1. Checking THR250 against (1) polar (S, T, N, Q); (2) over 13 Å from ARG315 (Cα atoms); (3) out of contact with any Leu (no Cβ under 7 Å at 6 or more places or on another chain), only one condition comes out false. Which one?
2. Please find, within the range 381-400, the residue that is farthest from GLU446 (Cα to Cα) out of those that are open to solvent by 10 Å² or more (accessible area, probe 1.4 Å) and among the charged types (D, E, K, R).
3. Quick check on THR219: is it surrounded by fewer than 21 Cβ atoms within 10 Å (Cβ to Cβ), in contact with a Pro (Cβ under 8 Å, 6 or more places away or on another chain) and β-branched (Val, Ile, Thr)?
4. When you check VAL435 against the structure, is it out of contact with any Phe, Trp or Tyr (no Cβ under 8 Å at 6 or more places or on another chain), in contact (Cβ under 8 Å) with a residue 40 or more places away in the chain, open to solvent by less than 50 Å² (accessible area, probe 1.4 Å) and of a type in the set (Val, Ile, Thr), yes or no?
5. Sort through ARG449, ARG492 and tell me the only one that's within 22 Å of VAL375 (Cβ to Cβ) and either modelled with pLDDT under 95 or open to solvent by 20 Å² or more (accessible area, probe 1.4 Å) (or both).
6. Of the residues that sit in the range 61-102 and are among the β-branched types (Val, Ile, Thr) and part of a helix (DSSP H, G or I), which one is most open to solvent (accessible area, probe 1.4 Å)?
7. Can you tell me which residue in the range 137-160 is farthest from VAL91 (Cα to Cα), limited to those that are aliphatic (A, V, I, L, M) and crowded, with 16+ Cβ neighbours inside 10 Å?
Amino acid sequence: MESAAAAAIGPDPADVRFRLRNVSAGVFLSVFCCLFYIAYYLLTWSGPHRSALVTMLGVSILGSFGLRAIPMEGLMRRPVAREAFFIGWSVSLIGLILTAMALDGGVDSPLSVALFLPLAFSSLSYPVGSMLAVGALTVATYVGDAAVQGGTSFAHAFFMASTLAIAAWMCAWQARLHASQRQELSRVSRSDPLTDCLNRRGFEERFAAELARASRDGTPLGLVLVDLDDFKQINDSRGHAAGDELLRWTVTALSAHLRPTDALGRLGGDEFALLVPGAGEQHTAALAQRLQSVLSERTPASFGLASFPLDGSDREELHQHADLDLYAVKHGRPAAPGAPGRRRELSWAAALAHAVDLRMAGHHKHSSEVGRHAVAVALRLGWPQERLERLRLAALLHDVGKVAVPEAILRKPGALDEQEMAVMRTHPATGAEMVAQIEGMEDVAEWIRHSHEHVDGSGYPDGVAGDAIPLESRILLVADAFDAMTSNRAYRDAMPAADALAELRRCAGRQFDAHLVEVLAATVEGRPVAARDVA
């Protein structure tokens with residue numbers, strides 16, 4: 001399973017950075033070598049071809065610095081192209097050294113010692129195969145040069161060639177050790193040290209790779225979150241050693257029922273996650289039921305499920321859906337039935353919201369963030385799963401009316417004038433009219449229409465106040481304002497969360513529902529909220 005995971009994740013970013021640093025080191029190594037050569041030529045100026053040699057080395061220095069101007073990161077991410085580049089670089093260095101030797105009098109030139117430099121550099125960053133290729137090329141070109149040019153004794157050529165061969169073998173061995181160390185460090189950085197499954201970093205990298213593949217190929221992807229029930233009680237009553245042993249057993253038990261292409265990660269504590277490429281909603285649910293039965297031999301566990309593309313189009317949305325599913329199970333409510341029709345609603349709503357967000361704020365996923373904050377507030381209020389999903393749908397679509405607002409207004413860097421504000425204030429009604437055209441979305445359309453009404457009646461488009469504003473709309477207004485203040489906009493930088501909460505509290509009772517402001521604040525600050533039935 002580890003080899004499949006490594007293939008799916010792709011090139012290690014740390015390895016890419018390592019190779020980029022080696023390019024920089026190689027450039028400076030080449031420049032220093034050329035400078036030393038030039039110093040040697042100046043000290044032996046009476047020798048042959050000195051002007052030509054210095055000119056050649058000057059061009060080589062310019063060429064070396066030219067490599068630094070080339071964007072290399074994309075090349076370093078493609079293994080085949082990357083190794084071809086490094087071997088080509090080594091070939092050019094060997095050719096430069098042989099040319100300098102020829103102009104300086106042949107294989108007896110002291111410049112022949114420089115043939116060890118490409119070997120040393122190759123051992124630092126090349127894979128073993130590339131290192132052996134460079135070593136063989138170095139020995140072969142020296143032997144060939146000695147045979148063609150002559151002018152040296154057999155003993156001298158034999159000794160030099162043998163020394164180069166030994167050095168090449170030692171460098172290849174060192175390259176092998178470096179490769180093994182880098183692979184082990186990469187594995188450790190992605191693995192949980194206790195259970196040896198993927199850690200959070202490794203799982204998220206795998207998730208991103210599998211999601212990109214699923215999007216490209218048009219195939220489903222299942223996500224399963226697993227939370228061991230009462231794990232803290234095991235640690236408290238039987239000790240941490242017993243808890244660690246249970247975690248290791250959990251990974252072994254889960255892994256036994258997964259395919260090599262599946263991925264298992266420990267996100268922290270007693271939380272695990274599974275990726276099931278190619279699994280749709282039914283396949284993911286069947287796997288979760290089977291795994292729940294397996295774990296029940298030693299520990300009860302709660303499961304949360306999500307499936308791409310029905311439950312979301314990116315990692316955040318899929319994680320959120322699975323988290324909600326898991327939350328419902330752990331708190332005694334039935335898991336979301338996940339009717340395909342409702343999930344398709346969320347899928348197309350997410351796509352439409354993404355298009356609106358691109359017009360408004362570039363890469364910031366405002367609609368998804370509003371949905372996240374709104375659902376977090378509603379969870380604190382104890383809403384059932386079906387109502388949470390309808391609220392999330394409304395959050396995704398709350399700004400859809402802005403498709404009718406000119407982009408010059410949406411992205412204006414300064415304050416809007418009165419006429420521009422009048423245009424902007426039309427978007428809740430426009431969005432509601434659009435959503436109302438869809439059968440079964442009448443309630444969502446109403447919440448969108450009133451999502452900018454203020455509790456004191458000063459909002460728009462209808463100027464309703466207090467409890468006449470749907471609770472869903474009041475939640476959307478608080479969530480929308482909080483995300484707007486804590487994200488970068490064309491006219492200002494993002495505000496710290498504490499300052500945004502202070503602003504919400506300042507306007508509570510006039511613009512915002514005061515209790516909902518405190519519920520959001522408790523959610524953001526991670527503290528309990530006073531119980532109160534506002535549903």
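1. The one condition THR250 does not meet is (3).
2. The extreme case among them is GLU386.
3. So THR219 passes the test.
4. no
5. ARG449
6. That would be VAL80.
7. Our first condition is that a residue be aliphatic (A, V, I, L, M); within the range 137-160, this holds for 137, 139-140, 143, 146-148, 155, 157, 160.
Then keep just the ones that are crowded, with 16+ Cβ neighbours inside 10 Å; that gives 137, 139, 143, 146, 157, 160.
Numbers: LEU137: 8, VAL139: 12, VAL143: 15, ALA146: 18, ALA157: 21, MET160: 19 Å.
Here the residue is ALA157.
Here is a yes/no grid of residues against (1) over 18 Å from VAL251 (Cβ atoms); (2) in contact with an Asp or Glu (Cβ under 8 Å, 6 or more places away or on another chain); (3) in contact (Cβ under 8 Å) with a residue 40 or more places away in the chain:
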position	(1), (2), (3)
HIS283	yes, no, yes
ARG290	no, no, no
SER293	no, no, no
ARG298	no, no, yes
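The values are calculated or read from the model by the stated rules, or taken from the named source; none is laboratory data. Worth saying up front: this structure is predicted, and the values here are computed from it rather than measured. Virtual Cβ from ideal backbone geometry, glycine too; neighbours counted across all protein chains shown. All accessible areas refer to the heavy atoms of the entire protein, side chains included, with ligands and DNA or RNA removed. Shrake-Rupley method; radii C 1.70, N 1.55, O 1.52, S 1.80 Å.
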